[in-house]
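> Pasting in a structure now, in structure tokens, and then I'll have a few things to ask.
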Amino acid sequence: MEKILVCLKRVVDYNVKIRIKPDETDVVTEGVKMSINPFDEIALEEALRIKESGQANEVIIVSVGPEDCQQQLRTGLAMGADRAILVEHSENTEPLTVAKLLHQIVQQEQPELILLGKQAIDDDCNQTGQMLAELCSYSQATYASKLSVGSNSLEVTREVDQGLETLEIDLPAIVTVDLRLNDPRYVKLPDIMKAKKKSLDVINPNDLKISMDPFFKVISVTAPPPRESGIKLSDAGELFDALKAKGLVD
Amino acid sequence: MRVLVVAEHNDGAINPSTSKTLSCVAELTSLGSDLLVMGNNSALAEQAARFQNVDSVLYMGNEIFEHQIAAVMSPVIAKIAQDYDCVLCPSTTFGRDLMPRIAAALNVGQITDIMNVVAPRIFKRPIYAGNAIQTIEIQDNVKIAATVRLASYKEVETNNQATIKNVELPEIELPSHTRFLRIESEATERPDLQVASVVVSGGRAFGSSENFELLYSLADKLGAAVGASRAAVDAGYVPNDMQVGQTGKIISPDLYIAFGISGAIQHLAGIKDAGTIVAVNKDADAPIFEIADFGIVADLFEFIPEFLAKLG
Ligand SMILES: Cc1cc2nc3c(=O)[nH]c(=O)nc-3n(C[C@H](O)[C@H](O)[C@H](O)COP(=O)(O)OP(=O)(O)OC[C@H]3O[C@@H](n4cnc5c(N)ncnc54)[C@H](O)[C@@H]3O)c2cc1C
Ligand SMILES: Nc1ncnc2c1ncn2[C@@H]1O[C@H](COP(=O)(O)O)[C@@H](O)[C@H]1O
């Protein structure tokens with residue numbers, strides 16, 4: 001195939017213990033380590049492997065978000081993507097709006113394969129890839145843990161609640177990836193230097209003529225009810241007695 | 001509010017996830033819902049008619065729905081949804097695969113993982129692996145498209161006798177770009193993780209799939225389902241469908257017992273709704289002890305046989 005498009009979201013790093021703003025409007029993101037959404041890194045790794053095996057010519061990465069997303073796009077370029085596109089928008093963008101913007105990019109670039117993460121670990125929405133697939137009228141395979149490229153189709157194994165499902169889907173196609181698909185490579189210093197020369201286009205969403213008005217109003221973001229910490233028991237006998245007292249074993 | 005629920009089914013039976021989704025309907029409206037069953041087996045419609053909170057079952061029998069391919073179902077559902085104010089699916093891999101396509105076809109945003117309906121247009125949902133709860137409002141006159149978080153709802157009773165209406169496939173062109181090849185699932189007699197009242201779970205500490213046998217014998221003694229951490233699945237000790245957590249299954253058993261699981265936030269995201277959490281770990285500082293109701297610092301390979309002996 002000619003082109004693979006990979007969608008990267010900038011999110012709070014998965015190792016950060018998040019804090020909620022005192023006014024309960026959002027979680028604190030200022031001064032917090034930000035990274036590429038872990039699933040998206042896996043999506044990019046897969047695209048690079050497909051290209052390296054000679055089955056694709058170009059890997060393009062795209063992100064929707066504030067100017068700072070350039071850091072994550074530069075990391076993606078250092079991993080090996082050929083060029084990057086940033087649709088710059090300072091506010092949080094809902095999945096349907098992101099999907100509509102991506103749809104415009106898909107129409108411009110005409111990639112045969114579009115890879116996304118199965119979910120963003122900040123909003124945990126798990127929507128964008130499927131929405132984009134519907135907007136494009138493309139086939140989709142979500143939760144991919146194995147992917148093989150045929151001449152005009154893909155065979156994708158999906159991690160579903162019942163086990164592993166395998167689909168064959170025609171190109172152009174949209175695949176959202178799960179954690180077990182691959183282990184992403186580490187970026188090396190020379191690659192970071194080289195990445196500085198690669199092209200990174202910044203697009204204004206207004207030029208794509210998509211309404212950025214949200215569907216939802218966020219009323220509050222609050223902490224979940226805490227679980228009270230419990231007690232330590234010394235052995236199996238004590239546990240048996242404690243569970244029996246609660247009627248949980250007999 | 002007129003609510004349409006899309007049923008999930010596997011192996012000729014309505015999945016319990018559908019029942020839990022129906023219990024969310026009661027928080028939205030007192031009018032019940034229409035339950036849409038797309039499949040190739042009319043026994044599904046009869047089973048569906050017994051669930052509470054179902055007004056009518058809409059049965060669309062057709063072999064093209066045999067494998068519930070999202071891209072084939074979404075245009076049909078979007079058409080039917082014209083007559084409803086709200087469309088719901090369970091937040092399982094089935095519902096999460098399908099609902100965003102329906103929402104996009106309807107040109108509305110989607111709410112993933114409703115955990116509570118505060119008011120008919122105000123919902124609570126978890127974000128950041130359940131470490132924060134978002135309360136969101138959707139404007140009047142906008143159709144609600146949402147998935148329901150199973151751990152937040154109980155199954156409904158099955159003493160109903162809803163009317164069954166056979167619905168014709170609308171005349172729209174359906175895609176042929178997707179072909180089902182196979183599904184590999186391990187047959188088990190144990191309860192379904194997502195509805196089990198007792199779950200025992202194992203982590204990396206087990207070291208091999210053979211060692212998981214010890215956990216299976218405990219599960220069988222307790223009538224429990226078996227779960228696992230991502231590390232145990234990645235290492236190949238158990239299949240992927242046993243993974244509990246942010247990216248696995250989110251569960252709410254009455255009793256959850258974790259053996260040799262450290263308690264990473266991504267794992268805890270899957271068990272926070274459990275009634276009683278027990279953790280057995282040989283490291284007294286393992287983070288899982290911070291949320292466990294009962295913690296035991298012990299070697300699981302010694303502990304499980306002793307506990308089995310106590311259970312008699
Ligand atoms: C984006 C993302 C999503 C993720 N999603 C999930 C998810 O859905 N579910 C999930 O589980 N993880 C998930 N993870 C992974 C998670 O971060 C942890 O790596 C994982 O949960 C660790 O599994 P573990 O506790 O089995 O292994 P470890 O962290 O290695 O812990 C093993 C524990 O066993 C104890 N132990 C060792 N030997 C014994 C013994 N003989 N007896 C008793 N105790 C013993 C040790 O003290 C240790 O605490 C995700 C990670 C990322 C980045
Ligand atoms: N703002 C964004 N920019 C680029 N890609 C995104 C963005 N939001 C979501 N995605 C992609 O869509 C996937 C699913 O996101 P979500 O639907 O928000 O859970 C992510 O893993 C990304 O690949």
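> Please go through region B:230-281 and pick out each residue that is closer than 28 Å to residue A:246 by Cβ and aromatic (Phe, Trp, Tyr).
If the condition is that a residue be closer than 28 Å to residue A:246 by Cβ and aromatic (Phe, Trp, Tyr), then B:256, B:259 are the ones that fit.
> Quick check: is even one residue across region B:75-94 in contact with a Pro (Cβ under 6 Å, 6 or more places away or on another chain) and of a type outside the set (A, V, I, L, M)?
Within region B:75-94, one or more residues are in contact with a Pro (Cβ under 6 Å, 6 or more places away or on another chain) and of a type outside the set (A, V, I, L, M).
> Still on this structure: Which of the helices (runs of 4 or more DSSP H) contained wholly in region B:42-142 include at least 2 residues that are touching a Leu at 6+ places or on another chain (Cβ under 7 Å) and at pLDDT 95 or above? Write out each step before concluding.
Numbers: elements: B:42-48, B:70-80, B:93-106.
So the answer is B:70-80, B:93-106.
> Can you name the condition, by its number, that residue B:185 falls short on among (1) more than 7 Å from chain A (Cβ to nearest Cβ); (2) open to solvent by less than 90 Å² (accessible area, probe 1.4 Å); (3) not aromatic (Phe, Trp, Tyr)?
If we test residue B:185 against (1) more than 7 Å from chain A (Cβ to nearest Cβ); (2) open to solvent by less than 90 Å² (accessible area, probe 1.4 Å); (3) not aromatic (Phe, Trp, Tyr), just (1) comes out false.
Every residue, every condition in (1) surrounded by fewer than 20 Cβ atoms within 10 Å (Cβ to Cβ); (2) near ligand 2 (Cβ under 9 Å from one of its atoms); (3) more than 15 Å from the chain's Cα centre (by Cα); (4) farther than 19 Å from residue A:39 by Cα, yes or no:
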position	(1), (2), (3), (4)
A:65	no, yes, no, no
A:90	yes, no, yes, yes
A:94	no, yes, no, no
A:100	no, no, yes, yes
A:104	yes, no, yes, yes
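> Within region B:142-162, which residues are buried (at least 17 other Cβ atoms within 10 Å of the Cβ), among the polar types (S, T, N, Q) and more than 22 Å from residue B:109 (Cβ to Cβ)?
B:160
> Among B:261, B:271, B:250, B:257, which is the only one that is under 20 Å from residue B:196 (Cβ atoms), crowded, with 24+ Cβ neighbours inside 10 Å and either of a type in the set (Lys, Arg) or within 16 Å of ligand 2 (Cβ to nearest atom) (or both)? Working first, answer last.
Values: B:261 fails: either of a type in the set (Lys, Arg) or within 16 Å of ligand 2 (Cβ to nearest atom) (or both); B:271 fails: either of a type in the set (Lys, Arg) or within 16 Å of ligand 2 (Cβ to nearest atom) (or both); B:257 fails: either of a type in the set (Lys, Arg) or within 16 Å of ligand 2 (Cβ to nearest atom) (or both).
Only one candidate qualifies: B:250.
> Can you confirm whether residue B:225 is away from ligand 1 (no atom under 16 Å from the Cβ) and surrounded by 18 or more Cβ atoms within 10 Å (Cβ to Cβ)?
On the way: away from ligand 1 (no atom under 16 Å from the Cβ): no; surrounded by 18 or more Cβ atoms within 10 Å (Cβ to Cβ): yes.
No: the conditions fail for residue B:225.
> Any residue in region B:168-183 that's without any contact (Cβ under 8 Å) to a residue 60 or more places away in the chain: show its pairings with residues that are open to solvent by 50 Å² or more (accessible area, probe 1.4 Å) and part of a loop (DSSP other than H, G, I, E, B) at Cβ separation under 8 Å, as long as the two are six or more apart or on different chains.
Final answer for the pair search is B:183/A:162.
The values are calculated or read from the model by the stated rules, or taken from the named source; none is laboratory data. This is a predicted model, so every value here is computed, not measured. Cβ sites come from the backbone with ideal geometry, for glycine too, and all protein chains shown count toward neighbours. Surface accessibility is based on the protein's heavy atoms, side chains included, excluding ligands, DNA and RNA. Shrake-Rupley method; radii C 1.70, N 1.55, O 1.52, S 1.80 Å.
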